[in-house]
1. What's the longest uninterrupted piece of the chain once you rule out the GluC sites (Glu not before Pro) that are loop residues per DSSP with at most 14 other Cβ within 10 Å?
2. Looking only at Cα atoms, what is the convex hull volume of the stretch 176-282 per residue, in Å³?
3. Which of Lys177/Lys282; Lys78/Lys177; Lys56/Lys111; Lys62/Lys135 have a Cα-Cα distance over 26 Å?
4. Specify the inter-centroid distance of the stretch 209-282 and the stretch 126-200, based on alpha-carbon positions, in whole Å.
5. Between Ala106 and Asp265, what FRET efficiency comes out of the Förster formula 1/(1 + (r/R0)^6) with R0 = 22 Å and r the beta carbon distance, rounded to 0.05?
6. Taking the Cα centre of the chain as the origin, how large is its charge dipole in debye, to the nearest 20, when only Lys and Arg (+1) and Asp and Glu (-1) carry charge on their Cβ atoms?
7. Extension gain Gln147-Gln93, at 0.36 nm per residue separation less the Cα-Cα distance, in nm?
8. Can you quote the Å³ per residue value for the convex hull of the Cα atoms in the stretch 27-152, rounded to an integer?
Amino acid sequence: MHTLQKRDRRLTPSGHVRAVERLRRDKARLDLNRVCTVPGCSTQVSPENLGSLCTKHRWRQKEAGHAWHPMPRGKQRKAARRAVARYLDSASQHNNAGRLLTLLQAAINRKLREPLTNALKPAQIRREAHSLTTKGKSQIVWAWLSQRQDFDRLAYRLLIEAMALEVWARCFYEGQKANLPRLLHTTVGRTAVWCSHIQETKIRTTTQWVSRSCYPASEGPMQKVSADIPVTDRWRPTPYVRVAVGKRVFLVLREALPANWITDDMIADTLRDHHSMEEQSK
């Protein structure tokens, strides 16, 4: 992916009118007495929302990736990381350990690494945002990550974290399977976006009034001077971009790891570790 993915077509005026009419028609069909479908929530859904979630859980679905399921953290995530560490240790002792590293490195170079020319500045991103797709904006994030000196190490850390999340999902996830990918992609994508630090520091010349102790009687104590102030310009990706960023990490796993790499024994060991940690905390 050497060029940023852009939208192939724009919405024509007639198409915009049809979209608005379709939106009004869908709103007219909604039940005005709807309640939130999250278990334990009986808040009435606003008539402006087309979905079946209240404002609180709709916001949480965008930010966390799931409307009600708790984030994978604490003892559950720690047990899943231990299972991944055991899997990698056993894989490093086999004869095909070099093959696994080769597959991972090739997948990282093909799916994650982006040319540095795609690392647009925040001002450039805002100028091109109307023509970029969500996948194109995720390319910008990975281009900024590719500028790091420790990009390979960061990529491996993200892959290990994604493996731990997959183990966690097989052991502890309780929601619908259709909502699981967005939760996993958001969790990994949030970490990747935070590590990218998409920002630019500019020097802005401004005027300030400073007080002086010695001054002519005809001027007064305040003096107008010019000062250079550093200003940081940032670009904060939307939740949809974070999902697209995290999705690319899991695509690397699909290329490098076998489809059934999570075995029943690994799930049993993870549940046993979690149970032992729960017993120790009591």
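1. 49-173
2. Working: hull volume 25.9 nm³, N = 107.
Considering the Cα atoms of the stretch 176-282, their hull volume per residue is 242 Å³.
3. Details: Lys177/Lys282 32 Å; Lys78/Lys177 22 Å; Lys56/Lys111 35 Å; Lys62/Lys135 17 Å.
Flagged as over cut-off: Lys177/Lys282; Lys56/Lys111.
4. 11 Å
5. Details: r = 29 Å, r/R0 = 1.30.
My answer for the efficiency is 0.15.
6. On the way: 50 positive and 25 negative charges, 193 e Å.
Here the size comes out at about 920 debye.
7. Values: separation 54, 0.36 × 54 = 19.44 nm, distance 3.28 nm.
Full extension from Gln147 to Gln93 adds 16.2 nm.
8. On the way: hull volume 25.2 nm³, N = 126.
It is 200 Å³ per residue.
The values are calculated or read from the model by the stated rules, or taken from the named source; none is laboratory data. Because the structure is predicted, anything quoted here is derived from the model rather than measured. Backbone-built Cβ (ideal geometry, glycine too); neighbour counts: all protein chains shown. Areas reflect the complete protein model, heavy atoms only, side chains present, ligands, DNA and RNA absent. Shrake-Rupley method; radii C 1.70, N 1.55, O 1.52, S 1.80 Å.
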